[in-house]
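Below is one structure; the comments refer to it alone.
The values are calculated or read from the model by the stated rules, or taken from the named source; none is laboratory data. Just so it is clear, the model here is predicted, and its values are computed rather than measured. Neighbour counts are summed over all protein chains in view; Cβ atoms, including those assigned to glycine, are modelled from backbone coordinates with ideal geometry.
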């Protein structure tokens, strides 16, 4: 009887915790732009408008004829539509614009890894990939889960997630220390 209770108690400890809904992520979610991202904007037939633009700390890009355009929280397709509508209002008759993400903002990894720090984000990255980029676990690391911290709007969310969990640009991954 005592063995059964001990087994049940240990099984309850091993049960994975649910990830809070704001942190729930999938690889196919549209990417929302934020400060630190870099965009490549092409306005076909207008070489002087085609260029690379950084998303500044206030969440906007500064583009000739368009001026400052707020892009934070938008997808690249929404930014394309915004640029086209600004150019249509008095500058170009029928602008044809493409917007691509040239580089993502970095992610951060801390804790029990060989080399913690800031690293460039690669599309489709998981927590396990982030650990590999930081040259692997230290000898004291918990090796089956990490703590993920993500800013969404004005709020910061934190949860323990499995190594297969998708990482987003700007996330902070903390590899925890084991106690035995």
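Any residue at all in segment 108-118 that is in contact (Cβ under 8 Å) with a residue 40 or more places away in the chain and within 30 Å of residue 51 (Cβ to Cβ)?
Yes; the residues of segment 108-118 include at least one that is in contact (Cβ under 8 Å) with a residue 40 or more places away in the chain and within 30 Å of residue 51 (Cβ to Cβ).
State all residues of segment 30-58 that are surrounded by 11 or more Cβ atoms within 10 Å (Cβ to Cβ), at pLDDT below 95 and under 20 Å from the mean Cα position of the chain (by Cα); if no residue qualifies, say none.
Once the filter is applied, which keeps residues that are surrounded by 11 or more Cβ atoms within 10 Å (Cβ to Cβ), at pLDDT below 95 and under 20 Å from the mean Cα position of the chain (by Cα), segment 30-58 yields 31, 32, 33, 34, 35, 36.
So how many residues does segment 28-67 have that are outside any loop (DSSP other than H, G, I, E, B) and over 28 Å from residue 125 (Cβ atoms)?
Here the count works out to 4.
Does segment 76-96 include one or more residues that are on the phi < 0 side of the Ramachandran plot, under 13 Å from the mean Cα position of the chain (by Cα) and touching a residue at least 40 places away in the same chain (Cβ under 8 Å)?
Within segment 76-96, none of the residues are on the phi < 0 side of the Ramachandran plot, under 13 Å from the mean Cα position of the chain (by Cα) and touching a residue at least 40 places away in the same chain (Cβ under 8 Å).
What do you reckon, is residue 123 farther than 18 Å from residue 36 by Cα and either touching a helix residue (DSSP H, G or I) at 6+ places or on another chain (Cβ under 8 Å) or assigned by TED's automatic domain parsing to the domain that holds residue 176 (or both)?
Considered against the rule, which asks whether it is farther than 18 Å from residue 36 by Cα and either touching a helix residue (DSSP H, G or I) at 6+ places or on another chain (Cβ under 8 Å) or assigned by TED's automatic domain parsing to the domain that holds residue 176 (or both), residue 123 comes out as no.
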